[in-house]
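Beneath this line is the structure, given in structure tokens, with notes to follow.
Values in this text are rule-based calculations from the coordinates and carry no lab data. As the structure is a prediction and not an experimental result, all values here were calculated from the model. With ideal geometry, Cβ positions are generated from the backbone for all residues, glycine too; neighbour counts draw on all protein chains shown.
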Amino acid sequence: MTQVAEAPDIHQAIDGTVGSPFTDKPKMSTRNVDVFYGDKQAIFDVSLDIGNHEVIALIGPSGCGKSTYLRCLNRMNDTIPGCSVTGEFRLDEEDIYVKSMDPVLLRARVGMVFQKPNPFPKSIYDNVAYGPKLHGLAGNRAELDEIVVSSLQKAGLYEEVKDRLNVSGTGLSGGQQQRLCIARTIAVSPEVILMDEPASALDPIATATIEELIDELRQNYTIAIVTHSMQQAARVSQRTAYFHLGKLVEVGDTNQIFTNPQHQLTENYITGRFG
Amino acid sequence: MDTDLNLTQHISHRFNEELEEVRNMALNMGGLVEKHVSDGLKALLKADSKLGEKVASSDYKVNAMEVDIDEQCTLILARRQPAASDLRLVVSIIKTITDLERIGDEAEQLGIAAIKLADQNTKPSQFVELRHLGEHVKGMLHDALDAFARMDVEAALETIQTSTILNEEYDAISRQLILQMMEDPRQIKNALRVHWCARSLERIGDHSENICEYVVYLVKGRDVRHVSIDEMKAELED
């Protein structure tokens, strides 16, 4: 092309968030979030809503703070020494960083699925039953069986493993292990599911299965997903948030972000240009 | 949105080259089509059956280019899964070359008509009214292709605006030809041929307008098809 853009001054270029970071009646709302790892600031003044029953994709280059932000949503960063989180986080209007909030209970309401499938070295059944047992969700064995079966069904894994529920979860294929982890998350009836690159270690078929599952899960849960795959973000989410150097650059309807982003940095990232 | 449409800044050099290449192919196709329209019109107005023959027999080149460019675009979609401005560029090219191919078909029709009218020993003066419309359409096609090459939204909008005049000219020619036919029924056959030429030219104007609309989509990310020029401007000011 004839015109060549001058390299934008990144810090000046990100002046507030472009697009629509807020929604009506959000499931989770966050305001003015700053995160520090020791002296190093990882997130700068991020304000973002996560709508009810929506899939929101958090995208951005490595080190942009998207995973850090995601981990704030169920206080996973509490476990990291030297990490301090400030700002407002609400789940259905309720402040999740107040002292009275038990992080363990919070994480049952806001579950998480990680990049690498991490089933417990236990049977498939016990992997799923672990959470409900811990939280006392089942009164007896029959109820527990029902939770395990329905969770495996919702995760689209039941038909493949129903004859070997007592076999170790670590013996499953990568895609099956990830679905087992999703079943384990669902088993404690969360309201929100956070997914940190859930399909990056999977082949295209297993990835397609997980994406199909995300679409189904949206009926019952709110989902925030961090992904490095632009196509995946475009396929599974309704809204997309683009992070850059710890700042929230742009949030918008996914269809719009991938066809007509408003910010040059978003454009550069999703089209694979030098930022 | 006013993000820059830089094709040369991808991390993948090969992707830069692929986009640049397919864009150049589309521009070349535009150049060839423009030449065919110009020659077709010239053949018609000068009753030059040789030139008419040449235009009518070269449409295959335009068709072949369309197929080639479509294939390149398909490969880019498959390999690169382009997004944002890259996606809009590929989509605009796919749409533009469809219109260019149809313009090529209309130019072919002009060539064929030139041969037939010349065979009838029709005096070029009988369809001198086509000259003005023809020049206008040629200019419009040229401006549309220019706006596409320079990705110039302003120029595209200006070009779209001229299409109203073109429609008026076409209507005027139609009325004039009807009069001619009523006055001298022996001229009906030729008058109809001339009318078909006017129709072809008017269609070329419409296709040029489409190309301008793709330029707006490419640069601004807004789909301005099937809306009035005022709505278009209002949409772009948002």
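Near A:Val18, the amide H atoms lying under 5 Å from its own belong to A:Glu250, A:Val251; only residues 5 or more places off or on other chains count, and H is placed 1.01 Å from N. Computed over chain B, relative contact order equals 25 percent, with contacts defined as Cα pairs under 8 Å that lie 6+ residues apart.
The separation of the range A:187-203 from the range B:181-232, counted between C-alpha centres, amounts to 54 Å. Here the alpha carbons of the range A:193-275 define both size measures, Rg and Dmax, at 13.1, 39 Å.
GNM remark for chain A: springs join alpha carbons under 10 Å apart, and the peak mean-square fluctuation among A:Val104, A:Val149, A:Val85 falls on A:Val104. For GluC sites (Glu not before Pro), the sites in the range A:82-160 that DSSP calls loop and that have at most 14 other Cβ atoms within 10 Å are A:Glu93.
In a shell of Cβ-Cβ distance under 9 Å around B:Val37, excluding B:Val37 itself, what net charge do Lys and Arg (+1) and Asp and Glu (-1) give? Summing Lys and Arg as +1 and Asp and Glu as -1 gives -1. Other protein chain C-beta atoms within 10 Å of residue C-beta, averaged over B:79-90: 5. Answer rounded, prolate or oblate for the range B:13-237, using the Cα gyration tensor with square roots of eigenvalues a ≥ b ≥ c: rounded when a/c is under 1.5, else prolate when a/b is larger than b/c, else oblate. Oblate shape, in that a/c is at least 1.5 and b/c is the bigger or equal ratio. Put a dot 7 Å past the Cα of B:Arg131, heading toward its Cβ, do the same for A:Asn52, and the two dots end up 7.3 nm apart. Sequence gap at least 6, Cα distance under 8 Å: using those rules, report the relative contact order of chain A to the nearest whole percent. For chain A, the relative contact order is 27 percent. Size of the range A:54-123: Rg and Dmax of its alpha carbons, in Å, are 13.6, 40.
Rounded to the nearest 10 degrees, the angle from helix B:13-45 to the longest Cα principal axis of chain B is 10 degrees. Phi-derived couplings, Karplus 6.51 cos²θ - 1.76 cosθ + 1.60 at θ = phi - 60°, listed residue by residue for the range A:110-119: 10, x, 9, 10, 9, 4, 8, x, 10, x Hz, with x used for Gly and Pro. Take each residue of peptide A:253-262, count the partner chain Cβ atoms within 10 Å of its Cβ, and average: the result is 4.
In loop segments of the range B:174-238 as defined by DSSP, the trypsin sites (Lys or Arg not before Pro) with at most 13 further C-beta atoms inside 10 Å of their C-beta are B:Arg225.
The B:Ala172 and B:Gln81 beta-carbon pair, evaluated with R₀ = 56 Å, returns a calculated FRET efficiency of approximately 0.70. For the range B:195-205, backbone phi angles converted through the Karplus equation (6.51, -1.76, 1.60; θ = phi - 60°) give residue-by-residue couplings of 5, 4, 5, 4, 4, 4, 4, 4, 5, 4, x Hz, Gly and Pro being listed as x. Close amide-amide hydrogen proximity is noted between A:Asn52 and A:Lys27, each under 5 Å apart and 5 or more residues distant or on a separate chain (H modeled in the peptide plane; Pro and chain starts excluded). Peptide B:10-19 is shielded by partner chain Cβ atoms: per residue, an average of 2 of them sit within 10 Å of its Cβ.
Taking A:Met112, A:Met230, A:Met101 in turn, the Gaussian network model of chain A (Cα-Cα springs below 10 Å) assigns the largest fluctuation to A:Met101. The count of lysine pairs in the range A:13-270 with alpha-carbon distances below 23 Å, taking only pairs 8 or more places apart or on different chains, stands at 16. Ratio of Rg to Rh for the range B:116-185: 1.14 [Cα atoms; Kirkwood radius as inverse mean 1/r over pairs].
Qualifying chymotrypsin sites (Phe, Trp or Tyr not before Pro) in the range A:186-275, where qualification requires a DSSP coil assignment and no more than 15 other C-beta atoms within 10 Å, comprise A:Phe274. Residues whose amide H comes within less than 5 Å of that of A:His244, counting only those at least five positions distant or on another chain, are A:Val249 (H built at 1.01 Å from N in the peptide plane). Each helix, a run of at least 4 DSSP H residues, gives -39500 (n - 2.57); summed and divided by the residues of chain A, these come to -9500 deg cm²/dmol at 222 nm. Using the average count of surrounding beta-carbon atoms within 10 Å as a protection proxy, the listed peptides A:52-58, B:73-79 rank, highest first, as A:52-58, B:73-79. Given their separation in residues at 0.36 nm each and the Cα-Cα distance between them, A:Leu137 and A:Arg164 gain 7.4 nm when the chain is fully extended.
Based on DSSP H segments of at least four residues, each scored -39500 (n - 2.57), chain B has a per-residue ellipticity at 222 nm of -28000 deg cm²/dmol. For the protein assembly as shown, the share of DSSP beta bridges that are antiparallel, to the nearest 5, is 60%. Straightening the chain between A:Gln219 and A:Asn255 buys 11.0 nm, computed as 0.36 nm per residue apart minus the Cα-Cα spacing. Principal-axis analysis of the Cα atoms of chain B puts helix B:129-150 at an angle of about 10° to the longest axis.
For the range B:61-68, 3J(HN,Hα) computed residue by residue from phi via the Karplus equation (6.51, -1.76, 1.60; θ = phi - 60°) reads 5, 5, 4, 5, 5, 4, 4, 4 Hz, glycine and proline entered as x.
When chain A is treated as a Gaussian network with alpha carbon springs shorter than 10 Å, the biggest mean-square fluctuation among A:Ser229, A:Ser151, A:Ser100 belongs to A:Ser100.
Starting from the Cα gyration tensor of the protein assembly as shown, take the square roots of the eigenvalues, sort them a ≥ b ≥ c, and report rounded, prolate or oblate (rounded when a/c is under 1.5, otherwise prolate if a/b is larger than b/c, else oblate). Prolate, since a/c reaches 1.5 and a/b exceeds b/c.
With both labels modelled 7 Å from their Cα along Cα-to-Cβ, the B:His13 to B:Leu27 distance reads 2.1 nm.
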